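The values are calculated or read from the model by the stated rules, or taken from the named source; none is laboratory data. Values in this document were obtained by computation on a predicted structure and should not be read as measured data. When we count neighbours, we look across all protein chains shown, and the Cβ atoms used for this are built from the backbone with ideal geometry, even at glycine.
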Amino acid sequence: MRYKLAVFDLDGTLLDSLKDLWASVNVILKAHNHPERSLEEIRQFVGNGSVKLIERAVPAGTSKEEEKIIHDEYKEYYDKHCNDLTKAYDGILDVLKVLKNNGVKLAILSNKPNFTVEKLNDIYFEGLFEIARGSLPEVAVKPAPDSLLRILEELQISKEDTVYIGDSDVDVNTAKNAGVDEIAVTWGFRDKDFLEANGATTFANKCEELLDLI
């Protein structure tokens with residue numbers, strides 16, 4: 001293995017969570033008499049955290065006050081329903097176990113709320129990750145490098161020994177901003193052409209390909 005630390009995005013990289021995100025957004029939009037969003041719209045809206053997701057999902061002209069109410073209700077609802085339809089991508093658990101058995105430290109870094117990341121980590125990946133980290137109030141969300149660099153500091157791993165794996169332009173830019181290598185996966189919420197257009201240079205098209213790249 002060429003890296004000592006592999007940091008993974010969660011949604012679209014480890015977990016196929018889009019349908020739960022979609023359903024949760026629409027439950028709250030409907031409760032506020034707003035039009036529901038399509039699955040493909042939600043696919044394009046995710047990646048920058050729940051605040052930005054709701055900002056994109058509500059109709060134009062929605063007040064900031066109502067946006068905040070909808071966001072708070074969404075977070076509460078999604079936390080209770082984040083595992084209704086979600087599943088780990090086929091093969092990813094086996095890949096993680098091989099990496100861990102070969103001495104690679106593993107971490108999750110997501111823009112999801114931290115408590116939801118911890119909950120999903122416990123459900124799907126208990127014991128595999130050194131750190132499972134979501135968004136925290138005091139730390140800028142991805143693509144700012146702050147949260148990723150904090151993980152490196154906590155685990156005492158250098159940038160040169162770290163790779164960041166994700167499925168979106170946000171993840172590509174997070175790695176670049178932090179000065180670490182990146183691997184873009186093509187089974188998630190963005191396709192290869194989009195990722196390449198946004199600066200991705202290394203790709204995994206199947207989970208098992210990560211073993212040759214990490």
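Worth pointing out:
- Here the condition is being assigned to a helix (DSSP H, G or I), under 14 Å from the mean Cα position of the chain (by Cα) and over 30 Å from N33 (Cα atoms); of E118, E154, it holds for E118 alone.
- Within the stretch 197-210, being crowded, with 21+ Cβ neighbours inside 10 Å and touching a residue at least 40 places away in the same chain (Cβ under 8 Å) holds for one residue alone: L210.
- The condition (being at pLDDT below 95, on the phi < 0 side of the Ramachandran plot and either crowded, with 19+ Cβ neighbours inside 10 Å or among the aromatic types (F, W, Y) (or both)) is satisfied by just one residue among F115, F129: F115.
- The number of residues in the stretch 164-184 that are under 20 Å from K4 (Cβ atoms), of a type in the set (A, V, I, L, M, F, W, C) and not in a loop (DSSP other than H, G, I, E, B) comes to 4.
- Within the stretch 183-196, residues that are aliphatic (A, V, I, L, M) sit with their Cβ atoms under 6 Å from residues that are in a loop (DSSP other than H, G, I, E, B) and buried (at least 24 other Cβ atoms within 10 Å of the Cβ), at 6+ positions apart or across chains, in these pairs: A184/A200; V185/T13; V185/D167.
- Of all residues in the stretch 132-151 being among the hydrophobic types (A, V, I, L, M, F, W, C) and outside any strand (DSSP E or B), the one that is surrounded by the most Cβ atoms within 10 Å (Cβ to Cβ): L148
- If the condition is being touching a residue at least 60 places away in the same chain (Cβ under 8 Å) and of a type in the set (A, V, I, L, M, F, W, C), then the stretch 22-68 contributes A23, V46.
- The residues listed here are A88, A31, A6; of these, the one that is exposed (fewer than 14 other Cβ atoms within 10 Å of the Cβ) and of a type in the set (A, V, I, L, M) is A31.
- Residue list for the stretch 1-20, restricted to those being over 29 Å from L155 (Cβ atoms) and of a type in the set (A, V, I, L, M): L18
Residues checked against (1) over 28 Å from N101 (Cβ atoms); (2) among the aromatic types (F, W, Y); (3) at pLDDT below 95; (4) in the same structural domain as N48 (by TED's automatic domain parsing):
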{"site": "R133", "(1), (2), (3), (4)": "no, no, no, no"}
{"site": "A144", "(1), (2), (3), (4)": "yes, no, no, no"}
{"site": "L149", "(1), (2), (3), (4)": "no, no, no, no"}
{"site": "Y164", "(1), (2), (3), (4)": "no, yes, no, no"}
{"site": "D167", "(1), (2), (3), (4)": "no, no, no, no"}
{"site": "K176", "(1), (2), (3), (4)": "yes, no, no, no"}
{"site": "K192", "(1), (2), (3), (4)": "yes, no, no, no"}
{"site": "E209", "(1), (2), (3), (4)": "no, no, no, no"}
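- Hits in the stretch 33-77 - residues which are of a type in the set (A, V, I, L, M, F, W, C) and either assigned to a loop (DSSP other than H, G, I, E, B) or within 27 Å of D167 (Cα to Cα) (or both): L39, I42, F45, V46, V51, L53, I54, A57, V58, A60, I70
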